[in-house]
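The values are calculated or read from the model by the stated rules, or taken from the named source; none is laboratory data. All figures in this text were calculated on a predicted structure; none of them were measured in a lab. Using ideal geometry, Cβ is built from the backbone for each residue, glycine included, and neighbour counts are taken over all protein chains shown. When the accessible area is computed, the model is the full protein with side chains, heavy atoms only, and any ligands, DNA or RNA have been set aside. Shrake-Rupley method; radii C 1.70, N 1.55, O 1.52, S 1.80 Å.
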Amino acid sequence: MVKRRRLEAPSTDDLTRIEAEFRSETFDRAASVRGIAPIAQVAADSASQFQPDGADSRAARARAEADAARLHAAQDSGLLMVDLPLEQIDEDAMIRDRMTMGEAEMLELRQSIASHGLRLPIEVFALEQEGRAGQRYGLLSGYRRLLATRGLRDLTQADKYATIRAIVRPRADAGNAFVQMIEENEVRENLSHFERGRIAVIAANHGAFANTEDAVDKLFGSGSKAKRSKIRSFSLIFEELGDMLQFPEQLTERRGLQLATALRQGAESQVRQALSHAAPEDADAEWAVIEPVIRQQDQGVRDPGRGGRPKRPATAHGWLDDKTLRTSSGVTIRRSSDSRGHLLRLEGAALTTELVDSLMLEIRSLLER
């Protein structure tokens, strides 16, 4: 049998010790009686120690929050100027419309910046640089100012020319970026006719616009219809002879329109052949090579010929006017509009039912993008 242990009543000292241990391991009985949980008691103690801000402190905090909101709004709207390191700016992020810059003008600009500082900041937009450390920016406007500042840095090695003041514009689509660049140079330094036509073709080839016609209308929308027609003529010159002409930006309006007319009549190969055997020293010498070809082309078209069968005039293609486009296949597209919308009329022997069906599908794909 198991031997039973005799129980003894605890002494007064034992009872005191047990009660002290019990109190140290449990929450306040009085608080429990009052119905307050321990976590609520802790929160109440913290609240009792909190000292509310005065009216001045609250007003200062409200001003700081308002200033921060205005700063973010200005930054998002492209109204904030910052100093950017020159190495973070990519001036070739966009094809520039300005082709040539005189050294005398650049020297004058460098001297002005050295004497008075950069009075007008450049404009940039943030580039998407995945996988590369550090943010880079594409140049939107201020090409000459950027080159002049870089020239001063290389010449003086001064720290003050290591950065340039810039406005970070919101990232726009390519079309808007080209428009902004054109607007700046048209206002501050008038572009030549050839430069206008060149940038229209390049912008269209980069996908910023549907085609050259659309590029001219969007880039030079503030110009008259006659001005846009001239720009389209110089666009044709760039497309067909841009790689051959050595002084294209010095083509006068009259000479350029004469050359564009000859190109529409099929004189491209003759002009290219003449230029390939010449080494003109200036714009007048280059025109002296081109002009005989134009006269010969004009005579061949207007004069039926002397003796033998008359030559058939070369069929012009391209934009014949603001509303008529003729393709190399002989299809003529005419546009018009009325109160209900725009109309396109297609004419030509090359048009077949299958071709028209294909055109309808192409138009549908363009409109549903």
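Observations on the model:
- Linear extension gain, residue 227 paired with residue 111, 0.36 nm per residue minus alpha-carbon span: 38.2 nm
- The residues packed around residue 247, meaning those with a beta-carbon under 12 Å from its beta-carbon, carry a net charge of -4 if Lys and Arg are +1 and Asp and Glu are -1.
- Heavy-atom accessible area with a 1.4 Å probe sorts 160, 230, largest first, into 160, 230.
- Extending 7 Å from the Cα toward the beta-carbon at both residue 128 and residue 329 defines two label points whose distance is 3.4 nm.
- With the highest mean first, a sort of the peptides 232-238, 333-339, 161-167, 103-109 on other beta-carbon atoms found within 10 angstrom per residue produces 232-238, 161-167, 103-109, 333-339.
- Simple label model, 7 Å out from Cα along Cβ direction - residue 281 to residue 360, nm: 6.4 nm
- Each label was represented as a point 7 Å from its Cα along the Cα-to-Cβ direction; for residue 291 and residue 352 these points are 4.8 nm apart.
- Charge tally in the Cβ shell below 15 Å around residue 110, where Lys, Arg are +1 and Asp, Glu are -1, residue 110 excluded: +2
- Only Lys, Arg (+1) and Asp, Glu (-1) charged, at Cβ; the range 217-294 dipole about Cα centre in debye: 620 debye
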